[in-house]
Structure formats: C-alpha cells, structure tokens
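Every number here is computed from the coordinates shown, using simple stated rules; none is lab data. For clarity, every value in this text was computed on a predicted model and none was experimentally measured. Methodologically, a virtual Cβ is constructed for each residue, glycine included, from the backbone with ideal geometry; neighbour enumeration extends over all protein chains shown.
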Amino acid sequence: MSTLHTVNKSPFGDSAFNSCLEHCKPGDGILLIEDAVYGAVAGSAVAAKVEARAGDVGIYVLDGDAKARGLAAGKLIKQVKPVGYDGFVDLVAEHDRTQSWL
Amino acid sequence: MKFGIVVSEGPYTHQAADTAYHFAKAALDKGHEVPRVFFYHDGVNVATNLSIPPQDERHIQKNWTELAKANDIDMVVCIAAAQRRGILDENEAKRQGKDASNLAEGFRISGLGQLIEMGIECDRTVTFGD
Amino acid sequence: MPEAKKFLYVNRKAPYGTIYALESLEVVLIGAAFEQDVSLAFLDDGVFQLTRDQNTDEIGVKNFSPTFRALGDYEVTKLFVEKESLEERGLAPSDLQEIMYEDEDDDWEEKPSIHIVSRSEMADIMADQDVVLSF
C-alpha cells in the first residue's frame, strides 16, 4: 500500500513540500506540479533534503510545468524523474491513494 | 480504473482547473473512466457561461464542457459554494428571484453529497486546488 | 451494503484568512450522513482551526469554531492533531477547544475526540486511508 503525494507550490514560499517530505513513507511517490517544480531544481536550498528522500521515495516532476518555467531536464536534481500527464495518470493508478498537499 | 476529480480553484487566476483538465484528458486517453468531476470552493467559477477570454487564450469552461460531452462526464458544481459566488442554474435563479442564470452547458448544480459519493464509488480521488 | 471506506480530511490551513477551513468543515458535516469511516487531520496551520477563544465579531465573518464541538453528534469522533505542528506554533493542547463525544458502545461515556499524535503517527494515519481529501 502506498500513496502518491502531489505538491503544487514552490518550496521557497510555502511549507507544503517540506511537510509532504516529512510525512511520506518509503515506497510512496511525490509528484511536483505547477509551481512546485521549482523544488526539483539542482543546487537549491531544498535540494539536499529532496536528494536525501529520493532513495526510498520516488520523486517526479510534471514535465510540462517544468518546461513552462524554463526548467530543462539538465537543471533538475538527478534523481527526479520527469513525467507527462500520461505518466501522472499512471502514478495515480499505481499508488493506492492520492494525497494533494494543498 | 475510475478516477474522480475535485477542482477547488477558479479559472485563470490559478492553474488548478487547467492541470485537472489535462489530467482528465490523459486518463481518458489511457482508457480510464472519469465518471465525475466535482467543482468546489472557487472552482465553481469554471462553470460560468459568461466568461469571454481573449481569442488567443484557452477557454477553460468550453474545454470542460466539450470534454464532458465527448466522454459522458458528470460535472457537478457544489450548490453552497456556487450560491456564495453567484453561479446559478435556471431553476435556482427563478427560485431566488434573480433575473439571470449563468450555469454553462454540461455542468449541473448539486450538493456536497455528490463529492462523498464520488469518493466512495471511484477507485481514486484526485484533488486539484491551492 | 459495501464496507465503509476510510475518509481522511486533511486540514493544513488557518481559519478566516481564506474560506478553505469552513468549506472543508461543511464537507465533513454533509459527509457524515454517508456512514463512512471518517477521520480529521490537523497539521501545519490547520491546528489554528481548533483554538479556543475565537471571536470574529469585528471582522464580520461567522465564527465556525463552535461547530467542531458538535461533530460528536454527527458521529465524527476522530480528530488527530499533530504535536509538532502545535509546538512549532507556540501552542499546547490546552490551547485547543475541548471537543467531546458520547461513546454509545461504552454506556455513553463522554470521551475526548481530539487525539494529539506525533508527526510519524500522523504519517501512519495518512497511509491508512482509502480517500484523502484536502481543501
């Protein structure tokens, strides 16, 4: 049993991503959408925390949202996997429940 | 699989209604079902038929109306949230003594019970909001 | 009748500044009629929803905090409040309203609905649900 967490706000102005990182469990997935894609940028103040969780939690970024914000794959933390809307659908189906960190 | 979707932010100000739309479309393209989308909080504003975005911009309400029509999606607008924000169907406008209604085609106004029912009947519930 | 689903309402937002807390509570009240297995989670700024002494007279907005005390009548009796979230905000459990319910399985004894849980217990509660609704 696992959860897909979605986060949609930048971690630099809101606590949702941080709170999500502190509540998710091994085997869960976190999908960063909308402004939360800024949380996937390599070398940022939150990158170390993301990298530390990326071992036991799958961390994904919605590709269209990253591209819209000028974040090419090369700018992202290595362990973060870009997915399209179809990949988003698969993630929802693969996990037992979805929790939106609004 | 059956996916229920909640949209809880209004159009244009927030990306939620767009993301939910792309997600619903992708789910349907993959052969999943989207039996219902529930609009709550400012999300009810998606359902106004008085929105006139510039021609080179997406028309969020029309996109939803067309997607729902093509795929038989039950689009429910929460009545309590809608009444606070001035979204009325014809019956409700009459009942409240208003001279106009503005609920777009493909949407219907109903109670919060429809949200709970969606959670019970769908395999997954996904919320898009702020 | 199919088995009840486990519904968790996650509250992470403070009251009054936005309508989310009030409209979330409206869902809980309506949802109670469906006889599902309902829990409420209060974490981050959501813990502010449960504080005592809320008085909205001067802002002209309805004070909905007393409604939490009526949840027991709707058989909503599991309110989980995160300890770390309280502490980070300078709050103690005694800053929260007393919310009780009468346990019909235990000779209608009055019991507290609020359970203070640690962050890791909150994570366990979240991972044990069928439907998680956040507003």
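Taking 7 Å steps out from each Cα toward its Cβ at C:Glu84 and B:Ser51 produces label points 3.8 nm apart.
Across chain C, how many lysine pairs separated by 8 or more positions, or lying on different chains, have Cα atoms within less than 21 Å?
Pairs that pass both the separation and distance tests number 7.
To the nearest ten degrees, helix C:20-31 and the longest principal axis of the Cα atoms of chain C are 20 degrees apart. DSSP beta bridges fully contained in chain A are about 5 percent antiparallel.
Where the alpha-carbon atoms of the range C:71-126 are placed on the principal axes, they occupy 37, 25, 16 Å, in descending order. Treating each Cα of the protein assembly as shown as one equal point scatterer and applying the Debye formula with no solvent, the log10 of I(q)/I(0) at q = 0.07, 0.08, 0.12 Å⁻¹ comes out as -0.31, -0.40, -0.93. Binning the C-alpha pair distances of chain B at 5 Å intervals from 0 yields a P(r) profile of 2, 12, 22, 25, 21, 11, 6, 2, 0 %, listed from the shortest bin outward. Applying 1/(1 + (r/R0)^6) with R0 = 30 Å to the Cβ-Cβ distance of A:Asp90 and B:Tyr12 gives a FRET efficiency near 0.55. Run through the DSSP bridge list for the protein assembly as shown and note the antiparallel percent, rounded to the nearest 5. Once the DSSP bridges in the protein assembly as shown are tallied, antiparallel ones form about 10 percent. Against the longest principal axis of chain B, how steep is helix B:16-29, in degrees 0 to 90 to the nearest 10, with axes from Cα atoms? The two axes meet at around 50 degrees. Summary of the geometry: the range B:74-130 and the range A:62-79, compared by the centres of their Cα atoms, lie 36 Å apart. Only Lys, Arg, Asp and Glu carry charge here, each on its Cβ (+1 for the first two, -1 for the last two); on that basis the range A:3-101 has a dipole of about 320 debye about its Cα centre. Counting only lysines at least 8 places from A:Lys75 when in the same chain, those with an alpha carbon closer than 21 Å to its own are A:Lys9, A:Lys49, A:Lys67. Globularity index of chain A is 0.94 (Cα radius of gyration / 2.2 N^0.38 Å, N = number of residues). Residue ranges A:12-20, B:99-107 sort as A:12-20, B:99-107 when ordered by packing (mean number of other C-beta atoms within 10 Å per residue, highest first).
Need one number: the % of Cα-Cα pairs in the range C:31-135 sitting beyond the 21 Å mark. Cα-Cα pairs of the range C:31-135 separated by over 21 Å account for 40 percent.
Which values of log₁₀ I(q)/I(0), to two decimal places, follow from the Debye formula for the range C:3-52 at q = 0.18, 0.27 Å⁻¹ with a uniform point scatterer at every Cα? These q points yield log10 I(q)/I(0) values of -0.57, -1.01. Cross-link reach is defined here as a Cα-Cα straight distance under 13 Å, omitting same-chain residues fewer than 8 places apart; for B:Lys98 the aspartates and glutamates meeting it are B:Asp89, B:Glu90.
For B:Lys25, a cut-off of 18 angstrom between C-alpha atoms picks up these lysines, skipping any fewer than 8 places away in its own chain: B:Lys2, B:Lys62, B:Lys69. If you place +1 on the Cβ of every Lys and Arg and -1 on the Cβ of every Asp and Glu, how big does the dipole about the Cα centre of the range B:2-128 come out, in debye to the nearest 20? Charge dipole of the range B:2-128: 180 debye, to the nearest 20. Taking the Cα centre of the protein assembly as shown as reference, the dipole from Cβ charges on Lys and Arg (+1) and Asp and Glu (-1) amounts to some 1540 debye.
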